Amino acid sequence: MATPTMLLLLADGRFPAGAHAHSAGLEAAVAAGRVTDLDTLAAYLRGRLATAGLVAAAFAAAARGAAWSTGRAGALARLDAELDARTASPAQRSVSRRQGRALLRAGRRIWPAATFDDLPTVPDGPHQPLVLGLVGAAAGLDPGQVATVAAHATVTGSASAAVRLLGLDPYQVQALLVRLAGACDAVAARAARAAEEPPERLPAAAAPLADIHAEAHATWEVRLFAS
Amino acid sequence: MRATARLAARVDRHGRTTLVELRGESPLLLRQVPAPGGGLTVYVVGGAAGPLAGDDLRLDVEVGPGAAVRVHTVAASVALPGRPGAVSRMLVRATVAERATLLWLPEQLVAAAGCAHVADSRVDVAAGGTLHWRDELICGRYGEQPGNVEVNTWVDLDGRPLLRQSLAVGPNAAGWAGPAVLAGAPATGSLLIVDPDRPAEPPAVGVTWARLPLAGGPATLWSATAPDAHTLREYLEPETALDTIAASGGRGERGVVRVG
């Protein structure tokens, strides 16, 4: 298990992997008039946690679990294909791979001794949760901690985007995150348990509007966030 | 109630699809009906209300090399509550061989108040197989909040994962009615088209629907939410969906979303 500070460093939005540039679908949901205030933001974050958050956390924990295994390249390739099958939207696949590439760049520079070469060599980059699993391994995190980082990032990314997109009171948004902490921990714990299953059995929680928001957002010429 | 049904189709020496097996038991009764062309149409006839919580139903569909089968249901199925704590399950296990076609176009699944239902579909499509697979879920009867329903769709193409989707609605599914998942829409569904003769189509999007080319092969998923079953069906009718493909001429038209 990693030291508390190492866990905080990886979960920090200031970790240089470009997370601040993403709203995780919130910008499109706001433009569609579906998220307008603190209450609809709360419902949005709960839905994200239960769907994209659970899937990302489970795959990150599974990649962390495969990090020291023999046959790690094969395990990671399988996880990559299974995550593709859970990401119907090409815009979301592309965002996940771009975020993976950014995190990989940071991981290689920060932990030069760690090996990331077994990640699938896909032109657009490996999926972000897979890279997070290996970065977590390099930092000494266990699968449960990696799942916590992933679940936490699911809600904090959209929440800080909401402050900018809707002009919400930052104290109220932070109070909302505090209220969601228990749900976030529960999703991380469930993801870490699920990650022990074979890749095809990992969670596949879907959200039709997440696909629709991601595809709509990808058509915009002007936008504040990259996703 | 436990019930199993099985349908197996082959091509005879004249090139016509024939059923080598067609058996079921209430509430999963199978009926063959005459169909135009060389294919074959089978209806699933509900022999009882339900599924009721506690029911365990399984349907196996096997489409052999070159055979073509179309499956419909005669009516929507309504998942209903049963004894407390019980869950109803419906498993559809389908295999589609090379050059074979399976069109799985059932009526909707309706999640009644208080139900607890899991619908599992596991489909294996061989390289060169064609699949149309539609899932439609109506969250509650008129003016009703749904019970817990999970719709799991697992599709492999040529032994590799193509689609894994698990949609959960109801009191146990956090945020399901919120703006990240359905935004209050009572109807949602998807249509998967795997067709070796059509490349995956370019993405397109509207306010409540999207056309999504999948990563794992020549396959496209239409995904939609709607205010009612009728509107949903308009998005997920294969003929309409394929017309949209034809009309777009593969140029990747993307729908109507304002620039923000």
Inter-label distance for B:Glu21 and A:Leu224, nm, one decimal - labels placed 7 Å from Cα along Cα-to-Cβ: 5.8 nm
Counting only helical runs of four or more DSSP H residues, what would the 222 nm mean residue ellipticity of the protein assembly as shown come to if each run contributes -39,500 (n - 2.57) and the total is spread over all its residues? -10500 deg cm²/dmol
Note, the range B:78-92: 3J(HN,Hα) by Karplus (6.51, -1.76, 1.60, θ = phi - 60°), whole Hz, Gly/Pro = x, goes 10, 6, 10, x, x, 5, x, x, 7, 10, 9, 10, 10, 10, 10
Hey, how many Å between the Cα centroid of the range A:99-153 and the Cα centroid of the range A:19-92? 14 Å
Within 10 Å of the Cβ of an average residue in B:190-196, the count of other chain Cβ atoms is 1
For a label point 7 Å from the Cα of A:Arg108 along Cα→C-beta, name the residues of the range A:73-101 whose backbone N is under 12 Å from it. A:101
Please turn the phi angles of the range A:59-73 into ³J(HN,Hα) values with the Karplus equation 6.51 cos²θ - 1.76 cosθ + 1.60 (θ = phi - 60°), one per residue in order, whole Hz, x for glycine and proline. 6, 5, 5, 5, 5, 4, x, 7, 4, 9, 7, 6, x, 5, 4
Using only alpha carbon pairs under 8 Å that are at least six residues apart, calculate the relative contact order of the range B:2-248 and give it in whole percent. 12 percent
Determine ³J(HN,Hα), in whole Hz, for all residues of the range A:32-46 in sequence, where each value follows from phi through the Karplus function 6.51 cos²θ - 1.76 cosθ + 1.60 and θ = phi - 60°; x replaces Gly and Pro. 7, x, 8, 10, 10, 8, 5, 5, 6, 5, 4, 5, 4, 5, 5
For B:Leu30, list long-range residues whose amide hydrogen, built 1.01 Å from N in the peptide plane, is under 5 Å from its own amide hydrogen. B:Gly24, B:Val45
Under the rule rounded for a/c under 1.5, else prolate if a/b exceeds b/c, else oblate, using alpha carbon gyration tensor axes a ≥ b ≥ c, the range B:1-107 is classed as prolate
Gain upon complete extension [B:His72, B:Asp60; 0.36 nm per residue less C-alpha separation]: 2.9 nm
Per-residue Cβ counts within 10 Å, from other chains only, averaged over B:217-227: what number is that? 2
B:Val78's amide H: which non-local residues (gap 5+, or another chain) put their own amide H closer than 5 Å, with H modeled 1.01 Å from N in plane and none for Pro or chain starts? B:Gly50, B:Val110
On C-alpha positions alone, give me the angle between the axis of helix A:170-194 and the longest principal axis of chain A, in degrees, nearest 10. 30 degrees
Report D for the protein assembly as shown in µm² per second (integer): Stokes-Einstein, Kirkwood Rh on Cα pairs, 4 °C, 1.567 mPa s. 56 µm²/s
Separation between Cα centres of the range B:122-195 and the range B:63-111, rounded to whole Å: 12 Å
Highest-MSF residue in chain A out of A:Leu45, A:Leu54, A:Leu209 [GNM, Cα springs under 10 Å]: A:Leu209
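Just so you know, all these numbers are worked out from the coordinates, no wet-lab data involved. Please read all numbers here as calculations on a predicted model, not as lab measurements. Using ideal geometry, Cβ is built from the backbone for each residue, glycine included, and neighbour counts are taken over all protein chains shown.
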